[in-house]
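The values are calculated or read from the model by the stated rules, or taken from the named source; none is laboratory data. Fair warning: this is a prediction, and the values are worked out from it, not measured in the lab. We place every Cβ from the backbone using ideal geometry, glycine too, and count neighbours over all the protein chains shown. These area figures cover heavy atoms from the full protein model, side chains too; ligands, DNA and RNA do not enter into them. Shrake-Rupley method; radii C 1.70, N 1.55, O 1.52, S 1.80 Å.
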Amino acid sequence: MNLPTEARLIELPRRARADGEVIVAEAAAEVPFRIERMFALAAPAGAKRGRHAHRLCSQFMICVSGAVDVVCEDGSKKNTFALNRRNQALLVPPGLWNTVEFRQNESVLIVLCDRVYEAHDYIRDYAEFLSYRESIRV
């Protein structure tokens, strides 16, 4: 499956009723990969998480409570995506540096991944990331 090379927002189906709502993210429908791992991040307002890139792992991010900004960089341009609605997700393909900035206290970000945790997949040094991006340019 070919994934995009740039991060993009995805609207998730929302089923609202008088007694609440259901928001759906299914593999092969809204999530463009088989889900191998899920984790949740929670942090106070002002906290920054992420600050890394992946060589192989794709991520699908959903802010289920509160608000976060996700800053994605490819080494030459930077895009900021505001996640502040439960039915909006962000697809972050491999090869992008991402930083999650928590905008409200007790915000919760759910992240679905197409790979299990692999320490060697992470690029945690920004200079190394820039070298990596240069090496994969066509």
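Assorted remarks:
- Note on residue 56 and residue 17: their simple-model spin labels are 4.2 nm apart, each label 7 Å out from Cα toward Cβ.
- Enclosed volume per residue, in Å³, of the convex hull spanned by Cα atoms of the chain: 110
- Distance from the alpha carbon centroid of the stretch 82-104 to that of the stretch 116-134 works out to 18 angstrom.
- Accessible carbon and sulfur surface of the stretch 1-98 relative to its total accessible area, %, 1.4 Å: 48
- You can think of it this way: the chain between residue 105 and residue 137 has 7.6 nm of extra reach, that is 0.36 nm per residue less the Cα-Cα gap.
- Longest exposed-site-free window of the chain, the sites being GluC sites (Glu not before Pro) in a DSSP loop that have at most 15 other C-beta atoms within 10 Å: 37-105
- Under the simplified labelling scheme, the residue 47-residue 29 pair shows an inter-label distance of 3.1 nm, with each label point 7 Å from Cα along Cα→Cβ.
- Per residue value of the accessible surface for the chain (all protein chains in place, 1.4 Å probe), Å²: 55
- Compared with the dominant Cα axis of the chain, that is its longest principal axis, helix 126-136 is turned about 80°.
- Per residue, the average separation of C-alpha pairs within less than 8 Å and at least 6 apart gives the chain a relative contact order of 33 percent.
- Multiplying the residue separation of residue 67 and residue 124 by 0.36 nm and removing their Cα-Cα distance gives an extension gain of 18.1 nm.
- The chain, helix-only ellipticity at 222 nm - DSSP H runs n ≥ 4, -39,500 (n - 2.57), divided by all residues, nearest 500: -2500 deg cm²/dmol
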